[in-house]
């Protein structure tokens, strides 16, 4: 038996894969601790996993409307989260992880935990880096769509050279952000490092796991050494939570609906997304399910809703999407993965971070359409949904991709690889 510490910060989309793998390791007889936001403690412990608090609590911080708006800005959101919310709390993160990793055989980390490699170095324990979205690798052969310079993505057809030059520039810029990491190394008695903590410094020499499907992110020649794409790692409340009988009755009462959701991050900055979506369903003549989250700004009066529309804060994607005609969502990698597994078309309205790149990859597979956030209108929504639903080729591709993805066992592959890393 080995002791694993799985460390992550963020929304449920950042947490769920670590829970899935943690449960998989636990079933194999290992001791598993999930180090994450304090607001997740009850959920982690209810699953029988050990919990260790990890600051900052990004789950709570990102529920503050003003903070959520800044963090979900397409142009500057990632920079804001790193420079304003994460890096100033680096010493707290280090201290929390140092405590959590006592006696650990392997530390498994999310890509924003800049203190984690320092903890592993200080304690002399192996660590594994995890990438949830393929675009994080910044491959010049399969370049990501980066929101601040989205126009540059059009140069991908010229080969890898333009993006190699771009990524050198990105390296220079982000190195300036990372001075707090180098300062922390000095504070805790570690030698200086020439690595950029937000790039090569976050990729483990022991190995990196991409917890996504090669269907979406095929392996590239410039990926880091010892990288394995395991397949998607799925988990949602369908494994533990009760079913909503009212929703089940609605689904059984008519044609498959269109599902509209903004996941667990963009839902806090929905603006008029749900009201536009309601009109898309009404005027398009579709039944619909709206997953609105807990934000009161997203709620509807019952009198405003036709019988053809069902509104609920949340429903397990694994149970709902497979009974949908299509899904309209913001492009989070977890929601994208569930839609791919369900084998239904998707319209993506990207809000921040990796979502534009995830949207591009779904569109490249031939089963998705993309609407820029500021252009999501009733007419545009109806147009894109009809293009998907009336295209037999799109529906066939969606089913074929789903079949391929369902044959992957991402959790088992991830557990296999982590056991190897721990043994080394």
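Bear in mind these aren't lab numbers, they're just calculated from the coordinates by the rules spelled out. For clarity, every value in this text was computed on a predicted model and none was experimentally measured. With ideal geometry, Cβ positions are generated from the backbone for all residues, glycine too; neighbour counts draw on all protein chains shown.
Normalised by 2.2 N^0.38 Å, with N the number of residues, the alpha-carbon radius of gyration of region 238-406 equals 0.94. Length gained on full extension, residue 396 to residue 124, computed as 0.36 nm times the residue gap minus the Cα-Cα distance: 92.9 nm.
Using alpha-carbon pairs under 8 Å, 6+ residues apart, how would you state the relative contact order of the chain in percent? Present the calculation step by step, with values, prior to reporting the outcome.
Working: 768 pairs, mean separation 68.4, N = 424.
Once divided by the residue count of the chain, the mean separation gives 16 percent.
Across region 149-211, Cα-Cα pairs farther apart than 15 Å form 64% of the total. Each principal axis of the Cα cloud of region 1-52 was taken in turn, and the coordinate range along them, longest first, works out to 29, 17, 15 Å.
Here the contact order of region 238-406, divided by its residue count and restricted to Cα pairs under 8 Å and six or more residues apart, works out to 21 percent.
Quantify how much of the Cα-Cα distance distribution of region 78-143 extends past 20 Å, in percent. Working shown, then result.
Values: 809 of 2145 pairs.
Counting pairs separated by more than 20 Å, the tail of P(r) holds 38 percent.
Taking only the Cα atoms of the chain, the radius of gyration and Dmax are 21.2, 65 Å.
Distance between the 7 Å Cα→Cβ label points at residue 424 and residue 168: 3.0 nm. Restricting things to alpha carbons, find the Rg to Rh ratio for region 68-201 using the Kirkwood radius for Rh. With Rg and the Kirkwood Rh in hand, the quotient comes to 1.00.
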